[in-house]
Amino acid sequence: MSDKNLNIQSDDNEIIENFKNGNQNAFNLLVLKYQKKIYWVIRKMVLDHDDADDITQEVFIKLYKSIDKFRGESQFYTYIYKIAVNLSLNHLNKNKRNYAKKINLDSEAYKIKSKDKSSDEHFDDKNRTKILEDAISTLPDQQRAVFNLRFYDNLSYDEIARILNKSTGGMKANYFHAVKKIEVFLKSKKNFEEIIKL
């Protein structure tokens, strides 16, 4: 495919080939194509916007430096998701103590606000989202990654296994345990109707 026909709808492998052949613009297409998806993969893991934004930038810097290693043996999105998930897990491991404090502070502030705004239907949606995020934040890092990739991104267990370098059976078990823990967390919330069908 020639440079002038290259666009965001172009096949990933063609865009990458163009980039490897010196077309710097092709990399910009990859960023445009995947930036939002990657941001949300990360955001669902680290929850904080600024952290997710920083990690998203790191993902594309790492991708820029390592794209020569991509041989097209797997889907490109699997390759970039793998970078995003690994950087997110590294971030969570480095910031475990600060992250736990932040979640607790956010939860306390949220409880105070919820007393004043319980009749607001928009707040109700935010409340549901916040409770689900709180439930997910209690999961061990790997279970959180598996749950997010399966529940939000609808990836198959095989795809998740490739992203995390684990067995497919292990990913199924991780998801099962994550769902059980989330269900227990949600049931512990008073007057909380079912938010999600797990």
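Bear in mind these aren't lab numbers, they're just calculated from the coordinates by the rules spelled out. These numbers come from a predicted model, not from an experiment. Note: ideal-geometry Cβ built from the backbone for every residue, glycine included; neighbour counts use all protein chains shown.
Listed values, structure above:
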quantity	calculated
Residue-span extension gain [residue 138 to residue 23] - 0.36 nm each, minus C-alpha spacing	37.0 nm
The range 1-94: Rg to Rh, with Rh as the Kirkwood radius over Cα pairs	0.99
Label-zone membership for the range 28-49, site residue 7, 7 angstrom Cα→C-beta point, backbone N under 19 Å	28-35
Stretchable slack from residue 70 to residue 183, in nm (0.36 nm times residue separation minus alpha-carbon distance)	36.8 nm
Stretch gain in nm, segment residue 152-residue 53, where the contour uses 0.36 nm per residue and the Cα spacing is subtracted	33.8 nm
